[in-house]
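The values are calculated or read from the model by the stated rules, or taken from the named source; none is laboratory data. Quick caveat, the model's predicted, so the values are computed rather than measured. Backbone-built Cβ (ideal geometry, glycine too); neighbour counts: all protein chains shown.
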Amino acid sequence: MKDIKLKHYPLNSYDKIRYQDTDKQGHVNNAIFPVYFETGRLELLYNPNDLLHDEGYSYVLANINIDLIKEIHYPGIVHVGTRIKKIGNSSIHFEQALFQGESLVATSTSIVVHVSNQTKKSHPLPEKTKSKISQYL
């Protein structure tokens, strides 16, 4: 696997590993990995101190791909590295990685789309949003 480190991602967050996240094999169930990746995306997209959408608009997940590399074990925390790969007209393309300690446990690519809450259709990203998130490219 590539030499991927948390420091390669400009946005770092974490999530607590809960006992309920585990399966009968004693490790975190693979269905929980998307929840951890969501933590990283939403800390950027819905930061209450730096809103990246206008009133009446929000973000929806349009695509997610996850490569599971290693097991995650309870207890502890998982670190989420997040960066932006591409900024589209109405979409944001993310690259993310999960780490338990120094170990890379999963990578992900995802696309979120900026939509109108009323029409449920895509809507161009505000220029101020494009400018703010470009630092995470």
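Just to be sure before I move on: is residue 73 in contact with a His (Cβ under 7 Å, 6 or more places away or on another chain) and modelled with pLDDT under 95 in the structure I sent?
Criteria not met by residue 73.
Cβ-Cβ distance below 8 Å, separation of 6 or more or different chains: which pairs start in segment 115-131 with a residue that is closer than 9 Å to residue 58 by Cα and end on one that is charged (D, E, K, R)?
115/121
Determine which member of the set 14, 46 is aromatic (Phe, Trp, Tyr) and at pLDDT 95 or above.
14
State which residue pairs qualify: first residue on the phi > 0 side of the Ramachandran plot and inside segment 50-76, second residue in a loop (DSSP other than H, G, I, E, B) and of a type in the set (A, V, I, L, M) in any location, beta carbons under 9 Å apart, and separation of 6 or more residues or different chains.
Final answer for the pair search is none.
Output yes when any residue across segment 22-31 is surrounded by fewer than 17 Cβ atoms within 10 Å (Cβ to Cβ) and under 22 Å from residue 114 (Cα atoms), and no when none is.
No, segment 22-31 has no match at all.
Taking the conditions exactly as written (among the charged types (D, E, K, R) and surrounded by 13 or more Cβ atoms within 10 Å (Cβ to Cβ)), does residue 3 satisfy them or not?
In short, no.
State which residue pairs qualify: first residue polar (S, T, N, Q) and inside segment 19-46, second residue in a helix (DSSP H, G or I) in any location, beta carbons under 8 Å apart, and separation of 6 or more residues or different chains.
29/21
When residue 39 is evaluated against the numbered criteria (1) surrounded by 13 or more Cβ atoms within 10 Å (Cβ to Cβ); (2) assigned to a loop (DSSP other than H, G, I, E, B); (3) among the polar types (S, T, N, Q), which criterion, by number, is the only one it fails?
The number of the failed condition is (2).
Do you know which residues across segment 6-25 are part of a loop (DSSP other than H, G, I, E, B) and either touching a Phe, Trp or Tyr at 6+ places or on another chain (Cβ under 8 Å) or of a type in the set (S, T, N, Q) (or both)?
Result: 10, 18, 25.
Could you list, in sequence order, the residues of segment 98-137 that are surrounded by 19 or more Cβ atoms within 10 Å (Cβ to Cβ), touching an Asp or Glu at 6+ places or on another chain (Cβ under 8 Å) and not hydrophobic (A, V, I, L, M, F, W, C)?
107, 108
Applying the selection to segment 72-119, what residues are part of a strand (DSSP E or B), of a type in the set (Gly, Ala, Ser) and within 17 Å of residue 54 (Cα to Cα)?
91, 116 - these are the residues of segment 72-119 that are part of a strand (DSSP E or B), of a type in the set (Gly, Ala, Ser) and within 17 Å of residue 54 (Cα to Cα).
Those residues that are closer than 17 Å to residue 9 by Cα, among the basic types (Lys, Arg) and more than 11 Å from the chain's Cα centre (by Cα), I need them from segment 65-88; list them, please.
85, 86
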